[in-house]
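The block underneath contains the structure these notes are about, expressed in structure tokens.
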Amino acid sequence: MDWKPHAAQLARTALHPTSRWWEAVLSVPRHVFVPRWYTPGPDGWTVTDGPSDKEEWARVAYSDHTVVTRVGPLHADHATEGKPVTGAPTSSATLPSLVVAMLQHAKISETDEVLDIATGSGYSAALASRRLGDDHVTTLDVDPYLSEAAATRLDRVGLHPQVVTADADGDLPGDFDRIMSMVSVPRIPASWLRALRAGGRLVTTIRGTGLILTADKTDDGGAEGRIEWDRAAFMTTRSGDDYPPMLDDLFASVRHCDGDEVTTSPFPVINVMQAWEVWSMLSLTVPGIEHRMQYDDGSRTAWMLHPDGSWARACTAPGEQGATVHQGGPRRLWNALEEIRWRWLEHGELPVYGASVSISPDGGTTLSRGGWTLTL
């Protein structure tokens with residue numbers, strides 16, 4: 001494949017020529033890191049083999065989009081063509097513009113020692129190694145196959161950062177000036193703070209939100225920073241081959257039933273996960289909610305499900321402004337969402353983006369802005 005014109009087009013799409021990462025994007029052949037990938041369909045995820053269709057391979061690999069490379073415990077490298085796979089994505093090659101954005105948030109200098117958490121395809125480690133040199137980059141993933149495949153593909157393009165298989169929540173392999181995570185966390189692990197050198201900086205996203213957290217280490221061993229104004233969402237950390245199963249049984253049991261409480265809401269149904277500010281605020285307030293949507297003949301129905309058995313179903317009929325809401329279980333999930341939407345109407349914004357962040361040495365992470373405060 002003559003990949004360089006495709007890489008040049010990707011660079012023009014993903015970043016500005018003045019970016020310090022421009023040459024790295026130009027010179028890293030992304031297709032090497034995604035030889036096979038998954039595409040969603042009505043029956044599940046189907047795999048495509050890049051070398052079998054080089055035109056499609058170039059189109060997918062050099063687009064500024066995330067490419068799913070693992071579903072459940074099955075990597076695309078091991079999937080059978082024509083046989084759909086069901087489950088949630090568990091690894092991917094992140095869209096290049098977001099990889100570069102995370103690298104920029106890390107404010108990396110030429111002499112920094114960088115830890116890239118969640119190796120995935122290896123593309124982010126490739127960009128960092130291309131610019132900084134192999135000796136300055138360590139990349140870590142919990143999955144042995146991902147580490148092995150990434151190391152092989154990095155070697156294929158002449159790059160040799162240290163590739164480590166380890167749990168990101170455990171002890172890290174050394175100490176670093178910059179820790180950059182391509183996976184989200186519920187709060188900052190204490191091990192990250194121990195591994196972060198004096199004056200070092202960490203960059204990550206918070207699980208279940210669209211929030212990018214940046215923080216610089218403080219003299220007491222903690223860190224201070226903020227939630228950035230731009231947004232990003234990554235898969236969350238995992239310790240096994242797959243994430244816990246989704247709440248399909250709860251969904252089946254409450255999909256059409258009457259709630260313990262039935263009310264009328266002044267708010268119409270929205271797709272919460274596309275309303276980043278609302279979604280992030282709700283996920284911080286009530287972590288663990290699973291959202292599902294259905295569109296049918298002009299009506300919109302949303303379900304909110306929680307592992308503790310709480311649930312809500314809201315429907316906005318065609319021509320209506322509000323919603324009919326059924327709720328059950330120990331908590332009222334729609335009420336929590338309504339409180340956030342009322343707050344947004346009252347203030348014109350929510351306090352999550354731009355919030356100050358204070359991290360204690362044990363990883364306790366507190367967000368605050370305008371009188372609002374929350375500890376993860």
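The values are calculated or read from the model by the stated rules, or taken from the named source; none is laboratory data. Here the structure is a predicted model, which means the values were calculated and not measured. We place every Cβ from the backbone using ideal geometry, glycine too, and count neighbours over all the protein chains shown. Note: areas computed on protein heavy atoms with side chains; ligands, DNA, RNA excluded. Shrake-Rupley method; radii C 1.70, N 1.55, O 1.52, S 1.80 Å.
Okay, here's what the table says:
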item: Close pairs (9 angstrom Cβ cut-off, 6 or more residues apart or separate chains): over 21 Å from LEU98 (Cα atoms) in the stretch 1-13, in a helix (DSSP H, G or I) and open to solvent by 80 Å² or more (accessible area, probe 1.4 Å) anywhere; result: MET1/LYS54
item: Filter pass, ASP230 being in a strand (DSSP E or B), surrounded by fewer than 21 Cβ atoms within 10 Å (Cβ to Cβ), of a type outside the set (A, V, I, L, M) and touching a residue at least 60 places away in the same chain (Cβ under 8 Å); result: yes
item: Complete set of residues in the stretch 1-52 that are in a strand (DSSP E or B) and either open to solvent by less than 70 Å² (accessible area, probe 1.4 Å) or closer than 22 Å to SER147 by Cα (or both); result: ARG36, TRP37, TYR38, THR39, GLY41, GLY44, TRP45, THR46, VAL47, THR48, ASP49
item: Pairs with Cβ under 6 Å, 6+ apart, first in the stretch 349-363 and closer than 23 Å to TRP279 by Cα, second at pLDDT below 95 and not hydrophobic (A, V, I, L, M, F, W, C); result: PRO351/GLY370
item: Looking only at the stretch 77-99, and only at residues there that are assigned to a helix (DSSP H, G or I) and surrounded by fewer than 23 Cβ atoms within 10 Å (Cβ to Cβ), the one that is farthest from the chain's Cα centre (by Cα); result: HIS78
item: Residue in the stretch 53-76 that is surrounded by the fewest Cβ atoms within 10 Å (Cβ to Cβ), counting only those that are of a type outside the set (Lys, Arg) and touching a helix residue (DSSP H, G or I) at 6+ places or on another chain (Cβ under 7 Å); result: ASP64
item: Selection status of GLY199, closer than 22 Å to LEU367 by Cα and more than 22 Å from the chain's Cα centre (by Cα); result: yes
